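Read-outs throughout are calculated quantities, based only on the coordinates presented, and are distinct from any laboratory measurement. A quick note: this is a predicted structure, and the numbers were derived from the prediction, not measured. Ideal geometry is used to build each Cβ from the backbone, glycine not excepted, and the neighbour counts take in all protein chains shown.
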Amino acid sequence: MKKALALLMVAMVAWTMTDCSQNKQGRKADGPSAQHAKGGKGQAMEGQSRAAKPGDGKVNELTTADFKKKIMDYEKHPDEWVFEGDRPVIIDFYATWCRPCKMTAPVVEELANDYRGTIDFYKVDIDQEQELAAAFGIQSIPTFLFIPAKGTPTLQMGAMQKADFEKVIQSVILK
């Protein structure tokens, strides 16, 4: 009985330590998962727009259909990254049940207000937009996609503090 209890405690501690994210290191979004996004093999969840108003200082919901229209149409351009926007973008891949996602959300909202009119901020609920999450190989959340106006997007996995966001914004978005 004591062994079972000890094993249960170890499992709970291990689960708590992983906290929805496995790897906090950034990576370029040009690996196999980005290739999948470029190929667009699956059926899109062609939902209605959720009142996304880029540049309004808020973090707006983004559907697969909105992504294709505002960010990149990977069906139209299957072999290369062709950014459809006119301003840099940060996309937060999250889930409503994810505690680190909930802790990071106010930081992202504050950044959206700070960079109003300069950077567009969106969020993608991975449970609602599974195809889009799969297209980028989202395996841990929160994950952030930093998209400069020109250049290659970068994925950053794991919860981040405001100072960490600022570093990535300066090195990837505003360089």
Beyond a 19 Å Cα-Cα separation, which of these cross-linked pairs lie in this structure: Lys102/Lys150; Lys102/Lys123; Lys58/Lys175?
Lys102/Lys150; Lys58/Lys175
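Ranking Asp73, Asp66, Asp86 by Cβ neighbours within 10 Å, fewest first, what do you get?
Numbers: Asp73 14, Asp66 21, Asp86 10.
Arranged by neighbour count, lowest to highest, Asp73, Asp66, Asp86 become Asp86, Asp73, Asp66.
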Under-5 Å amide H pairs with Glu61, H placed in peptide plane, nonlocal only:
Lys123
Efficiency of FRET from Cβ geometry, Glu131 and Ser171, R₀ 41 Å, rounded to 0.05
0.90
Grab the other residues whose beta carbon is less than 11 angstrom from that of Ala133, score K and R as +1, D and E as -1, and report the net.
-4
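What is the fewest-to-most order of Trp97, Trp81 by other Cβ atoms lying within 10 Å of their Cβ?
On the way: Trp97 10, Trp81 17.
Placing the least packed residue first, the sequence is Trp97, Trp81.
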